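Here is the structure we will look at, set down as structure tokens.
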Amino acid sequence: MKKVFALVMLVCLGFCMSVQAQTKTTYTGTGAEIEFEKKVVDFGTLKVGDVKVVTVTYKNIGKKPLILDDVISSCDCTEVEWSKAPVMPGKTGTIKATYTAKNEGLISKRITVLSNANTDRVILQLKGEVK
């Protein structure tokens, strides 16, 4: 009787471990994924007071809708706009950045894009020089 009980317990333990292993979530790469046309924008040479507007295109190369949670500029000299609507797989979206040259010197600004993509944080760079 003890042998039968031990055998039943071993089978139950094995079954429980099998079920637990099957319920673990593993990343399979089937979510949204963001790909940018370019991650660095070079404004070239600007003068103080110049306003430069750039549009950066991105594509959802994943298998689920892509949603941009937030787009954050590294300074108040750059304003950003983006669509809040989900971007379906295979489709594109845009981020519009408006930079106002306030001071002379090198331009090195960042735009951080936060999304539901597998790569959930992407940094875009704006560069150039104000003379």
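Every number here is computed from the coordinates shown, using simple stated rules; none is lab data. Note that this is a predicted model, so its numbers are computed, not measured. Note that we place each Cβ from the backbone using ideal geometry, even for glycine, and neighbour counts take in every protein chain shown.
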Item checked: Under the Debye formula (equal points on every Cα, no solvent term), log10 I(q)/I(0) of the stretch 39-92 at q = 0.29 Å⁻¹ -> -1.30
Check: Want the number for D120 to L106: 0.36 nm per residue separation, take away the alpha-carbon distance, what's left?
Finding: 2.2 nm
Next item on the list: Treating cross-link reach as a plain straight distance, find the aspartates and glutamates whose alpha-carbon is under 20 Å from the alpha-carbon of K52, omitting any fewer than eight places away in the same chain.
Entry: E37, D42, D76, E79, E81, E104, E129
Next item on the list: Calculate the tail of P(r) for the stretch 81-129: the fraction of all Cα-Cα distances greater than 18 Å, expressed in %.
Entry: 43
Notebook entry, point to check: With r defined as the distance between the Cβ atoms of T98 and E37 and R0 fixed at 25 Å, what FRET efficiency is calculated, to the nearest 0.05?
Noted result: 0.85
Notebook entry, point to check: Plugging the Kirkwood radius over Cα pairs into Stokes-Einstein for the stretch 24-131, at a temperature of 4 °C and a viscosity of 1.567 mPa s, what D comes out in µm²/s?
Noted result: 88
